[in-house]
Amino acid sequence: METLPENDENLTWCSACLGSTDPDYQTYNFAVSGVLLAVVGVIGLFGNILVVTVYLSRHHRIHSTSIYLASLALSDFFLIITAMFLFVLEAWRHHNYPLLAWLYTTGAPLIFPLAAVFQTSSVYLCVAAAVDCFITVVLPASVKQLYCTPRRARITVFWIMNFCIVYNIPHALEIEKVACIMDSGQISSQICPTDIRKNPAYYTIYYTYMYTTFLAVGPLILLILLNICVVYTVVTSEVDNGEESDTVSLILVVFFFIFCNFTALLVNFLELILPLTELIWQSNGTSKIPENLTLL
């Protein structure tokens, strides 16, 4: 770090881009995000590796549902990695770890949009798997044979990933690494929101309405309807034993998604009520990373 030049009046204080500098909050954030999240994340990584291994085995990969479940596990795997970078490193960097602070401020502008891509892909891969399960269990066998094939599943996964990348391009323009002044008077760096991110119209359209429609309410309603039909059919009729385990697994995944997605939906409804400026500065690190990864 360098000493602040006397004639440099354009730099902001590093604390200006933090959601809170309160020591008690920093301690709480370190315990939850720095330690607890790290432990849960590592468990999740191993769990998703196991899921991918099972559903891509020779016995399971002949079913389209297995392709979706394996793809969902891969998406969640990378979502956990990016979330651990954004949250765990963010918590540790405030406790005298300059290397971690440099790694975070350098990598966050790239990792943040990647995390958003994997969050979106996890949502829509879950929806695709639910649609596939609905066709398999509820609709006639002729429809199942036409649409529920491993090849169609791989094509669907490919286009979902392309859509998720395009949808999340704006996130790449939301945060940036800027030079700032530490309390000691030295020059450091911090992650701050860009002018685009702080634009009220952009925030309202992209975060509140588009997020609620395409990542919360829309998928949630569709999954609830599909799952009701699938569960009713499974309970009242016989399902092919070869795909019964996949169907049960998917039902559990969808139920878990619905439970977790309720939190994201609640956050967005609160944002419609609370003042925009208050919400922008209540976020941890001002980039609204926690909101975008609510589904983790």
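Considering the conditions (1) closer than 30 Å to ILE251 by Cβ; (2) under 20 Å from the mean Cα position of the chain (by Cα); (3) of a type outside the set (A, V, I, L, M), GLU90 is excluded by exactly one of them, (1).
The rows are residues; the columns are (1) surrounded by fewer than 24 Cβ atoms within 10 Å (Cβ to Cβ); (2) out of contact with any Gly (no Cβ under 7 Å at 6 or more places or on another chain); (3) hydrophobic (A, V, I, L, M, F, W, C).
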{"residue": "ILE62", "(1), (2), (3)": "yes, yes, yes"}
{"residue": "ILE67", "(1), (2), (3)": "no, yes, yes"}
{"residue": "SER71", "(1), (2), (3)": "no, yes, no"}
{"residue": "ILE81", "(1), (2), (3)": "yes, yes, yes"}
{"residue": "ASN96", "(1), (2), (3)": "yes, yes, no"}
{"residue": "LEU100", "(1), (2), (3)": "yes, yes, yes"}
{"residue": "LEU114", "(1), (2), (3)": "yes, yes, yes"}
{"residue": "VAL127", "(1), (2), (3)": "yes, yes, yes"}
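The single residue among ASN29, ASN96 that is touching a His at 6+ places or on another chain (Cβ under 9 Å) and over 30 Å from THR136 (Cβ atoms) turns out to be ASN29.
Taking the conditions exactly as written (free of Cβ contacts under 8 Å to residues at least 40 places away in the same chain and among the aromatic types (Phe, Trp, Tyr)), does PHE46 satisfy them or not? Break it down stepwise before answering.
Numbers: free of Cβ contacts under 8 Å to residues at least 40 places away in the same chain: yes; among the aromatic types (Phe, Trp, Tyr): yes.
Yes.
Pairing each residue of region 103-116 that is free of Cβ contacts under 8 Å to residues at least 12 places away in the same chain with any residue that is part of a helix (DSSP H, G or I), provided the two are 6+ apart or on different chains, yields no C-beta distance under 6 Å. For region 59-99, the set of residues classified as aromatic (Phe, Trp, Tyr) and touching a residue at least 40 places away in the same chain (Cβ under 8 Å) consists of TYR68, PHE78, PHE87, TRP92, listed by residue number.
For region 84-94, which positions are in contact with a Gly (Cβ under 7 Å, 6 or more places away or on another chain) and of a type in the set (A, V, I, L, M)?
Taking region 84-94 as the starting set, the residues that turn out to be in contact with a Gly (Cβ under 7 Å, 6 or more places away or on another chain) are 84-85, 88, 90-92.
Of everything in region 84-94, those that are in contact with a Gly (Cβ under 7 Å, 6 or more places away or on another chain) and of a type in the set (A, V, I, L, M) turn out to be MET84, VAL88, ALA91.
Tell me, please, whether a residue that is within 30 Å of GLN145 (Cα to Cα), modelled with pLDDT under 90 and among the β-branched types (Val, Ile, Thr) can be found in region 67-75. Checking region 67-75: not a single residue is within 30 Å of GLN145 (Cα to Cα), modelled with pLDDT under 90 and among the β-branched types (Val, Ile, Thr). Does at least one position in region 136-155 carry a residue that is of a type in the set (A, V, I, L, M, F, W, C), surrounded by fewer than 17 Cβ atoms within 10 Å (Cβ to Cβ) and part of a loop (DSSP other than H, G, I, E, B)? Scanning region 136-155 turns up at least one residue that is of a type in the set (A, V, I, L, M, F, W, C), surrounded by fewer than 17 Cβ atoms within 10 Å (Cβ to Cβ) and part of a loop (DSSP other than H, G, I, E, B). Looking only at residues in region 193-238 that are more than 22 Å from PHE256 (Cα to Cα) and aliphatic (A, V, I, L, M), the one that is surrounded by the fewest Cβ atoms within 10 Å (Cβ to Cβ) is ALA201. Filtered by the rule that a residue be in contact with a Ser or Thr (Cβ under 9 Å, 6 or more places away or on another chain) and either of a type in the set (Gly, Ala, Ser) or part of a loop (DSSP other than H, G, I, E, B) (or both), region 27-58 gives LEU56, SER57. Evaluated against (1) closer than 17 Å to PHE257 by Cα; (2) at pLDDT 95 or above, CYS126 falls short on exactly one condition, (2).
The values are calculated or read from the model by the stated rules, or taken from the named source; none is laboratory data. A quick note: this is a predicted structure, and the numbers were derived from the prediction, not measured. Note: ideal-geometry Cβ built from the backbone for every residue, glycine included; neighbour counts use all protein chains shown.
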